[in-house]
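Okay, so here's the structure we're looking at.
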Amino acid sequence: MDVLTFSLLSVLPFFESRYTLPLAIAQGWNPAVAWGLGTILSILTAVLLCTLLNYVDALMQRLPHIGSFWNEYVSRTRKKLAETLDKWGELGLVLFVAIPLPGTGVYSGSVAAYAIGLDVKQSIVLISIGAAIANVITVLSAMGALSLI
C-alpha cells in the first residue's frame with residue numbers, strides 16, 4: 001500500500017485509521033510509521049470536521065432527503081456520547097473516540113461533540129487524544145494478530 005492510498009483510506013468516514021493501520025502493517029509497513037501517519041491524518045480530519053461542521057449541518061438541513069438521514073445520524077450519535085459524557089465528563093469524548101469499534105471514531109466523535117455543543121478547540125484536542133489512543137490499540141492488536149500467523 002502506498003502513502004497516497006493509506007492517506008485516502010485513513011480519512012474516509014467509517015473506515016478511518018482503525019482499518020487502514022492493520023492493512024498497512026500486514027503489507028510490511030513499520031508500525032511506528034503507520035501509527036504516526038495515521039494519527040496525523042486523524043488529527044487533521046478532526047480539525048477539518050470540527051471547524052466545518054456548522055457549515056455541513058446547514059448544508060445538510062437544506063437537502064430534502066439527506067437532511068432527515070443526517071438528523072437521525074446526529075441524534076443517534078449525540079445519544080451515544082451523552083451517556084458517556086454523563087458518566088466520565090470530558091474524558092468521555094476521549095474514550096468514545098479511543099474505543100476502536102465501528103461508529104466511535106473521529107467522524108462520530110466530531111459530530112457528537114458538535115451536536116452537544118462542545119467548544120471547537122476543546123473538541124479537537126479531546127478527539128485527537130482519543131484518535132491517538134485508538135491508533136495505538138489498533139497497531140498493537142494488528143502486531144499481535146500478525147505474530148500469531
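Just so you know, all these numbers are worked out from the coordinates, no wet-lab data involved. The model shown is predicted, which means the values in this text are computed figures rather than measured ones. As a convention, Cβ positions derive from the backbone with ideal geometry for all residues, glycine included, and neighbour counts pool all protein chains shown.
General observations
- Shown in residue order for the stretch 82-97 are the 3J(HN,Hα) couplings computed by the Karplus curve 6.51 cos²θ - 1.76 cosθ + 1.60 at θ = phi - 60°: 4, 4, 5, 5, 4, 7, 10, x, 4, 4, x, 5, 4, 5, 4, 7 Hz (x for Gly and Pro).
- Cα long-axis angle, helix 16-26 against the chain (0 to 90 degrees, to the nearest 10): 10 degrees
- What the Cβ-Cβ distance of Lys121 and Ala82 gives, at R0 = 22 Å and to the nearest 0.05, is a FRET efficiency of 0.60.
- Virtual spin-label span in nm between Val3 and Asp57, 7 Å along Cα→Cβ: 3.6 nm
- Taking the stretch 3-148 and dividing mean pair separation by its residue count, relative contact order in percent (alpha carbons under 8 Å, at least six apart): 31 percent
- Charged-residue dipole, Cβ positions (Lys, Arg, Asp, Glu), the chain about Cα centre, Debye nearest 20: 160 debye
- Which of Thr138, Gly92, Met60, positive extreme of dipole for the stretch 3-148 (C-beta unit charges): Met60
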